[in-house]
Amino acid sequence: MHYVTNTDRVLLPENPKAMRLHLLATAVGLTFALAGCANSGGIHPDGKSIDPSWLKAERSLTDVQVSEAAWPKNDWWTGLGDPQLNALIAEALRDNPSLAVADARARQAQAEASAADATRQPALNIGGSVAETFIPATLPPLGNGHTAAAKYMYSSFKWDLGLWGGHRAAWEAALGQQRAAAVDAQGARIELSTNVARAYVQLGYAYAQQSVASAELKRANDARNLTRQRVSAGIDNQMQLKQSDSDVASAEGQKAQADRAINAARSSLSVLLGKGPDRGLDIARPQLLPTNALTVPSNVPVELIGHRADLVAARWRVEASNKDITSAKAQFMPDVNISALAGLISVGGGNLFQLPARFYEVAPAISLPIFDGGRRRANLNSKDADYDLAVAQYNQTLVSAINEVSDDYDAIHAVRQQIDAQQRAYDAANDAWNLAEQRYRSGIGSYLEALSVRQELLVAEQRMAMLRAQQSDLNVQLIQALGGGFRPQDDTELSSTPHSHS
């Protein structure tokens, strides 16, 4: 239920100005006298944004090198020095359909912000019409059994003043959502670039697996041939031959698995590039990517706020929800509308463009919600819940981001230790192979013994390839955790912590 009052003027040149002012003053006084019938008392959001400085990470990152210029560059992948990877990421950023989805959502949010802004502006319309009407003789006093032409032109004006800032707050909320969607589009590009790099690393590892599997298959075949000769010579028996047959079958299975891993990695890259499966067949074997660890600034939690797209977008959504609350509260306050209508009308053969044909109406109106069944309070409760949800999602993203950086650094440190240990194991296996080969050539040891040592070397080589691929992958994950080179534009910058609604 609304209390509404307005002052209209419709062809009333004699209406005293004092009377109109009196009516308007009376309406304003009555409106404010009724204030409080529908109110927002007792409704408020509960969400509190986490201060990033509260999330300590100093001890977890004790061994991490600190640098003020530590964040990844916008085109971070070029620092890896692989021209093929550079070309693949550029192709993905150009052709991947998922980016078109993100861009479309950003444009949709922009259109909604423009629509919200349009509601703050006055509306002006111009129109006209010519109609022929038959007026029956049975309709006195106008009826004469003839047709008459009715012509009119008009211009209308309407403006909702939004005195309490509700319309502006709604526009600012839509603008915040637009900025969040724009940041999401940038975040989609960062995610795509890191996914291409990770798939590229996986393809390189699959090729390394294939090389080891091929070497192992050759070793198993050589061992079986030698064992077959020894069985024929009566040195070994059928049990050793069956064992060598089993080793060959196992090596063939590993080779098939490695071949499949290459095809799967190629397929993943084809999808990321937005192309068909044949595109992956043209990708050459990747070189081993460098694994230099990144450094971080001294205050990781605070710095992450401006370097991760998901955090910036989450903060914009908190701000947008804040403005939605302001807009919802404004609906409890008196509203003022100004409307006007003016035009010319004539019936029959009269001249439309003459003074007696004019008509006009001026209707300023003030309204105040008195009883609406709780609709406005329910709407405000919903906006408060949206704000609490946005704050909770921001806090969750912030906590996950900081722990993700710490975990990636810890994983890189751990895999580096494993690589050091595996390097020693590989060196020992390689030395053993060299000695076994020398013993065989000197006639001291058997070739079968050398092939057995060779198997240990291949296992060590496979383990080393896996660890180096894991190290490269973790470095790419760390780049993504640090924001992937994201730099907020002027229209997406915010303070470090979202504002809490008061």
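Structure notes:
- On inspection, Q287 qualifies as modelled with pLDDT of 75 or more and within 30 Å of N263 (Cβ to Cβ).
- Residue match in the stretch 88-104 (condition: closer than 30 Å to N379 by Cα, modelled with pLDDT of 85 or more and of a type outside the set (D, E)): yes
- Counting the residues of the stretch 201-227 that are acidic (D, E) and free of Cβ contacts under 8 Å to residues at least 60 places away in the same chain gives 0.
- Flag not set for A109, criterion: exposed (fewer than 14 other Cβ atoms within 10 Å of the Cβ) and either part of a strand (DSSP E or B) or at pLDDT 75 or above (or both).
- All positions within the stretch 239-290 that are in a loop (DSSP other than H, G, I, E, B) and either buried (at least 19 other Cβ atoms within 10 Å of the Cβ) or hydrophobic (A, V, I, L, M, F, W, C) (or both): I283, A284, P286, L288, L289
- Of all residues in the stretch 157-173, those that are under 30 Å from Y360 (Cβ atoms) have Cβ atoms under 6 Å from Cβ atoms of residues that are assigned to a helix (DSSP H, G or I) and aliphatic (A, V, I, L, M), 6 or more apart or on another chain, in W164/A330; G166/A330.
- Of the residues making up the stretch 335-346, just one is crowded, with 18+ Cβ neighbours inside 10 Å and modelled with pLDDT of 80 or more, namely S339.
- Taken over the stretch 86-106, the criterion of being aliphatic (A, V, I, L, M) and either surrounded by 14 or more Cβ atoms within 10 Å (Cβ to Cβ) or not in a helix (DSSP H, G or I) (or both) is satisfied by L88, I89, A90, A92, L93, L99, A102, A106.
- Test: residue in the stretch 412-425 that is of a type in the set (D, E, K, R), touching a helix residue (DSSP H, G or I) at 6+ places or on another chain (Cβ under 6 Å), assigned to a helix (DSSP H, G or I) and at pLDDT 85 or above: no
- Checked against the criterion of being at pLDDT below 90, touching a Phe, Trp or Tyr at 6+ places or on another chain (Cβ under 7 Å), of a type outside the set (S, T, N, Q) and more than 30 Å from D82 (Cα to Cα), the stretch 211-233 has at least one qualifying residue.
- Of the set (1) touching a helix residue (DSSP H, G or I) at 6+ places or on another chain (Cβ under 8 Å); (2) at pLDDT 80 or above; (3) surrounded by 15 or more Cβ atoms within 10 Å (Cβ to Cβ), all apply to D236 but (2).
- Residue within the stretch 347-356 that is modelled with pLDDT of 75 or more and at negative phi present: no
- W316 meets the conditions (1) touching a residue at least 12 places away in the same chain (Cβ under 8 Å); (2) surrounded by fewer than 20 Cβ atoms within 10 Å (Cβ to Cβ) in every case but one. The failed one is (2).
- Options K383, K323; residue that is crowded, with 21+ Cβ neighbours inside 10 Å, in contact with a Gly (Cβ under 7 Å, 6 or more places away or on another chain), assigned to a helix (DSSP H, G or I) and among the charged types (D, E, K, R): K323
The values are calculated or read from the model by the stated rules, or taken from the named source; none is laboratory data. Here the structure is a predicted model, which is why all the values come from computation and not from measurement. Note: ideal-geometry Cβ built from the backbone for every residue, glycine included; neighbour counts use all protein chains shown.
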